[in-house]
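The values are calculated or read from the model by the stated rules, or taken from the named source; none is laboratory data. As the structure is a computational prediction, the values presented were derived from the model and not from experiment. Backbone-built Cβ (ideal geometry, glycine too); neighbour counts: all protein chains shown.
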Amino acid sequence: MSATAVPAARSADGETESLLTRIRAQLPEFTGALRRVADHVLADPAAAARATIVELAERSGTSPATVTRFCRALGFDGYADLRLGIAGETGRLARSAGWQVDIGREIQPTDPLERVLSQLMAADTLAMRDTAARIDLSAVERAADAIAAASRVDIYGASGSALVGEELQFSLHRIGIAAWAWTDIHNGLASAALLGPGDVALGISHSGQTRETIEMIAEAGSHGATTIALTSFPRSPLADVADFVLLTATQATTFRPDALSARHPQLVVLDLLYIAVAQRTHERSHAAFQRTARAVEAHRIKEVAE
């Protein structure tokens, strides 16, 4: 598939989606030499901002013509605009992160935990900010409307995405929403086949390419259920089969690649979705919270008076 320019997204408060986030979102569309340029820019954006077009081409094992094609795929007229964009973003991130670290720097085996903590905090702060810029609040609202009115909600995911899905299932269950989280493909497909109009199916996959999750969402959609995708890639197969797409952004670090670093941004988006559902079912949610709290009260350790 050839790469095409993606317009920058804009959040509700006007914040523009970052350039590096756009590059990550388009990674599946870049092949061969274009992918090598993208990987090199993402691996060390500060160095890319300082490099000439010839230097970037040499370091990525490509040619200046390829770098120019990469720039145009991102919507820039030429390398000077791309370089300026990267430089402006890396400088802004360094100032806003609040930690004296190079965002994207590899964590070394000998790094002290204080340094590791700073790297993780900076990376997660950036991922959260970029996620806030990418999220389509109108899609969240429509997804919340569907869940609030649903007879039942199925949540599908594998591996780390399954853990995130279980968190949402637990939250929805506490406010009286009939929700199930499925990780096994056979059980998930059987449940999806029983959904219909008025039901909701939500699939979670950072890459949007997890075959099992795609199959379960597609099965649910084929029977009339409203389908929602939570992914980092808007042009992924999962996004293609969903009615609503909720986007996240990631910032990988050493020992924590994209699929793992996606967990916190995914939780933030799903928390937003859950709260939007709770707002729409306020009286029922409040009553459910009180009843569930009373049900487990006897299992809490009471404070002993001195």
Original post:
Of all residues in region 260-285, how many are touching a residue at least 12 places away in the same chain (Cβ under 8 Å), over 11 Å from the mean Cα position of the chain (by Cα) and assigned to a helix (DSSP H, G or I)?
Top reply: 11
Original post:
For the subset of region 184-209 comprising residues that are surrounded by 23 or more Cβ atoms within 10 Å (Cβ to Cβ) and β-branched (Val, Ile, Thr), which member is farthest from LEU246 (Cα to Cα)?
Top reply: VAL200
**OP:** Look through SER151, SER207, SER138 and report the one residue that is within 18 Å of the chain's Cα centre (by Cα), among the polar types (S, T, N, Q) and part of a loop (DSSP other than H, G, I, E, B).
**Re:** SER207
Original post:
Hey, any hits in region 167-174 for a residue that's closer than 18 Å to ALA262 by Cα and touching a residue at least 40 places away in the same chain (Cβ under 8 Å)?
Top reply: yes
Original post:
Only one residue in HIS223, HIS206 is at pLDDT below 95 and either not assigned by TED's automatic domain parsing to the domain that holds ARG235 or not hydroxyl-bearing (Ser, Thr, Tyr) (or both), so which one is that?
Top reply: HIS206
